[in-house]
Amino acid sequence: MFSFRSNMRFIFLLLLSGLTVAACGGGGGGGGGDDRIQPGSEWLITTSYVAAGGPGVDGIPAIENPNFETAETISSVGDTDLVIALRSGGQVKAYPHDIMDYHEIVNDGPSDNPFTMSYCPLTGSALAWKGTASHADASFGVSGLLYSSNLLLYDRETQTLWSQMLQLAVNGPRIREVPENIQVIEADFATLQAMYPDALVMTRATGHDRAYDNYPYGDYREVEGFLFRVAGEDTRIPPKQRVLGIHDGDDVKVYQMETFGISTQTINDQFKDQPIVVVGNSAQNYAAIYSRELADGTILSMSPLQDDLPNVMTDTEGNVWDVFGAAVSGPRAGAQLESTKSYIAMWFGWAAHFRNIEIYFN
């Protein structure tokens with residue numbers, strides 16, 4: 001169990017390190033007390049686990065209009081540094097963890113197709129959402145609030161609060177709205193370079209003076225304790241271990257990143273009534289989940305493809321699929337596997353947000 005003593009030890013180490021905690025509104029203890037948590041206001045989450053992180057609304061500044069260099073030319077990202085990648089308008093873009101640690105949100109994309117990339121360092125979760133055409137301002141900011149130690153975003157037009165890991169508007173005018181997901185791939189930078197050398201990588205020219213070389217949480221990723229209360233705990237997996245999960249309602253299935261092995265592996269699996277394929281590689285530090293049922297009702301069986309990045313899977317029809325689930329050759333060239341509600345996060349984050357969790361054991 002994760003005791004109060006271990007939590008206080010972690011806070012002491014942070015203070016001793018002299019680092020300023022900047023992520024997820026973090027810094028200080030885990031109480032609520034924010035005046036936006038109004039009695040009688042409708043919430044879809046338990047407000048006793050909603051905490052004011054410290055800096056307040058936009059105290060952690062989202063990045064607007066980011067600057068980019070190509071993966072081939074950028075020098076500020078190390079080979080083993082984690083980056084978050086997506087494909088937008090045919091272009092792969094990547095956002096380094098060390099910048100996201102300090103900003104958490106990037107509003108990006110053209111005005112007619114905006115999207116928001118978010119990352120919560122306290123739960124290690126990265127997600128991207130499409131902007132909503134019906135709203136004049138599709139951008140998001142950092143609310144300064146957390147739910148079970150996870151980022152609550154707010155949309156700037158209506159001030160609605162959104163749970164990142166639940167992928168759901170939980171309080172405000174747009175309550176119960178579900179954002180449209182964009183597939184993201186997390187990987188070591190060396191893997192991204194091998195996959196997409198022409199990818200655009202966000203630079204440190206953010207307009208803000210931050211110590212991007214310094215991880216702002218000391219040994220947070222190694223110690224047991226948390227800065228904020230979480231709604232549930234589960235000791236089946238170490239709390240800070242990164243796992244890939246898929247969710248539907250309160251049901252979740254997770255796959256441990258470290259179990260994929262040093263060669264690419266595919267798992268033809270079933271989640272509830274949905275046939276899925278899980279593809280990953282522990283050495284290259286990536287994993288993703290797609291539906292393997294096509295629009296015409298065909299259910300594919302996938303096999304791993306080795307040493308052909310960014311292509312990672314093939315199937316019995318002879319199609320080759322890349323890491324973003326696109327068919328690059330074969331009879332279905334140009335087809336796209338349907339993305340799922342899946343992402344990588346620390347195990348404790350999954351346990352705090354969902355109740356019915358199945359662990360896949362290789």
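The single condition among (1) farther than 21 Å from residue 339 by Cα; (2) in a loop (DSSP other than H, G, I, E, B) that residue 146 does not satisfy is (2). The set of residues in the range 133-152 that are without any contact (Cβ under 8 Å) to a residue 60 or more places away in the chain, in contact with a strand residue (DSSP E or B) (Cβ under 9 Å, 6 or more places away or on another chain) and farther than 16 Å from residue 117 by Cβ comprises 135, 137. Selection of the range 120-140 for residues being assigned to a strand (DSSP E or B) and more than 15 Å from residue 168 (Cα to Cα) yields only 120.
Picking from residues in the range 227-248 that are more than 16 Å from residue 276 (Cβ to Cβ) and either among the small types (Gly, Ala, Ser) or touching a His at 6+ places or on another chain (Cβ under 7 Å) (or both), the one that is modelled with the lowest pLDDT is 232. Tallying residues that are of a type outside the set (Gly, Ala, Ser), touching a strand residue (DSSP E or B) at 6+ places or on another chain (Cβ under 8 Å), surrounded by 21 or more Cβ atoms within 10 Å (Cβ to Cβ) and closer than 12 Å to residue 237 by Cβ within the range 340-361 yields 4. Yes or no: residue 68 surrounded by fewer than 19 Cβ atoms within 10 Å (Cβ to Cβ) and modelled with pLDDT of 95 or more? Yes.
A count restricted to the range 119-155 and to residues that are of a type in the set (S, T, N, Q) and surrounded by 23 or more Cβ atoms within 10 Å (Cβ to Cβ) stands at 6.
If only residues of the range 285-297 that are touching a strand residue (DSSP E or B) at 6+ places or on another chain (Cβ under 6 Å) and not in a strand (DSSP E or B) are counted, the one that is farthest from residue 313 (Cα to Cα) is 285.
Yes/no matrix, rows are residues, columns are (1) of a type outside the set (A, V, I, L, M, F, W, C); (2) over 20 Å from residue 95 (Cβ atoms); (3) touching a Gly at 6+ places or on another chain (Cβ under 7 Å):
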residue	(1), (2), (3)
117	no, no, no
123	yes, no, yes
147	yes, yes, no
155	yes, no, no
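The residue that is farthest from residue 107 (Cα to Cα), counting only those in the range 161-196 that are of a type in the set (Val, Ile, Thr) and crowded, with 22+ Cβ neighbours inside 10 Å, is 191.
Restricting the search to strands (runs of 3 or more DSSP E) fully inside the range 155-211 and requiring at least 3 residues that are over 21 Å from residue 247 (Cα atoms) gives 200-202.
The values are calculated or read from the model by the stated rules, or taken from the named source; none is laboratory data. This is a predicted model, so every value here is computed, not measured. Heads up, the Cβs are rebuilt from the backbone with ideal geometry, glycines too, and the neighbour counts pull from every protein chain shown.
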